[in-house]
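The values are calculated or read from the model by the stated rules, or taken from the named source; none is laboratory data. Since this is a predicted model, take the numbers as computed values, not measurements. Cβ placement follows ideal geometry from the backbone for every residue including glycine, while neighbour counts extend to all protein chains displayed. Note: areas computed on protein heavy atoms with side chains; ligands, DNA, RNA excluded. Shrake-Rupley method; radii C 1.70, N 1.55, O 1.52, S 1.80 Å.
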Amino acid sequence: MKKQIILTSLGFLLCVVLVNAQDISGKSFNKKGYQAWVKLKDSSIIHGLLWNVDSSFIEIKTDDVKGWKNPESNAPLKKIQIQDIQSIETKKVRAVLKGYGWGAIIGNSLGLVAAGVAELSWPENDGHMLLVPMFGLTGSFIGLIGGAANDKKFEIGGNSGNLEANLPELSKRAFWK
């Protein structure tokens, strides 16, 4: 019985790995890719998913359509040549929401600890539980600010040498590695 459970689990794991490791032109799909803001030399900005990075171009998947992270979605791809790129800024997908959530959880937890310590230290005072929402709101606000900030900026300046230097890190952030 244990042997059947182990074999079934291994088979399921193998299927999951094979499904997540799709391969197109020697690259595999990375479901934890990043968003990108590509500033062009004419000061315009193209926003979307950092879809593919190559030594001579990058591809940005634009349009926030339903399921745009899916490799088979209909969202259009913009191919941008290196000589047109001034800089690339990246951020994790849904970073603001994640920052808000983690900030709220940590803030409320610290508020509970502070309220407990205050209750033990000054039992005659009321209102210690008000520390929980105060800390929670503070943590949420800090999380929102932290999540809204872009995490990395790559200066390209239309120079292929600058892209080559940043290519390994940009490739890790792209949806196709």
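For the range 58-91, which residues satisfy the criterion of being outside any loop (DSSP other than H, G, I, E, B) and either out of contact with any strand residue (DSSP E or B) (no Cβ under 6 Å at 6 or more places or on another chain) or open to solvent by less than 30 Å² (accessible area, probe 1.4 Å) (or both)? Result: Ile58, Ile60, Lys61, Ile80, Ile82, Gln83, Ile85, Ser87, Ile88, Thr90, Lys91.
Could you list all residues from the range 139-177 that are of a type in the set (Ser, Thr, Tyr) and either at positive phi or buried (at least 17 other Cβ atoms within 10 Å of the Cβ) (or both)? Across the range 139-177, the qualifying residue is only Ser140. Residues in the range 86-137 that are in contact with a Phe, Trp or Tyr (Cβ under 6 Å, 6 or more places away or on another chain) and aliphatic (A, V, I, L, M): Ile88, Leu110. With respect to (1) open to solvent by 80 Å² or more (accessible area, probe 1.4 Å); (2) β-branched (Val, Ile, Thr); (3) under 27 Å from Gly48 (Cα atoms), the lone exception for Ile105 is condition (3).
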